[in-house]
Amino acid sequence: MKKIIIAPFLFLIKIYQVAISPLTPATCRYQPTCSHYTKEALEKHGFFKGGKLALKRIFSCHPWGGSGYDPVPEKLDKK
C-alpha cells in the first residue's frame, strides 16, 4: 500500500532529476541533494513521515540554512 501512495511522487522526482535538474545550476547545499533525500525519505519512511522530513529539508535549503552531509535518518523499529 505504501508503494502505491508514494509512486506518483517518486515519478515526479524522477522527472525533475532527468528533465529539469540538468538544465539548472547545481545549488543544493546538502549531500545527498534535496531530490535524492526526498526520494529516499519517502521510500524509507512512507508518505507522511517521509514527506515531513522532505519538506523540512527543502525549506532549510537556502543561503541562511544548513549545508553539508545530511542523510535520511534510519527508521526506528517499534517493539
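The values are calculated or read from the model by the stated rules, or taken from the named source; none is laboratory data. Just so it is clear, the model here is predicted, and its values are computed rather than measured. Cβ sites come from the backbone with ideal geometry, for glycine too, and all protein chains shown count toward neighbours. Accessible surface is based on the protein model in full, side chains and every heavy atom, while ligands, DNA and RNA are left aside. Shrake-Rupley method; radii C 1.70, N 1.55, O 1.52, S 1.80 Å.
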Tell me which residues, restricted to segment 32-76, are open to solvent by 50 Å² or more (accessible area, probe 1.4 Å) and aliphatic (A, V, I, L, M).
LEU55, ILE58, LEU76
Would you be able to tell me the number of residues in segment 57-71 that are within 13 Å of the chain's Cα centre (by Cα) and without any contact (Cβ under 8 Å) to a residue 40 or more places away in the chain?
6
Mind checking which residues of segment 1-49 are assigned to a helix (DSSP H, G or I), closer than 20 Å to GLY65 by Cα and either in contact (Cβ under 8 Å) with a residue 24 or more places away in the chain or of a type in the set (Ser, Thr, Tyr) (or both)?
CYS34, SER35, TYR37, THR38, ALA41
Against the condition open to solvent by 80 Å² or more (accessible area, probe 1.4 Å) and under 15 Å from the mean Cα position of the chain (by Cα), how does ARG29 come out, does it pass?
yes
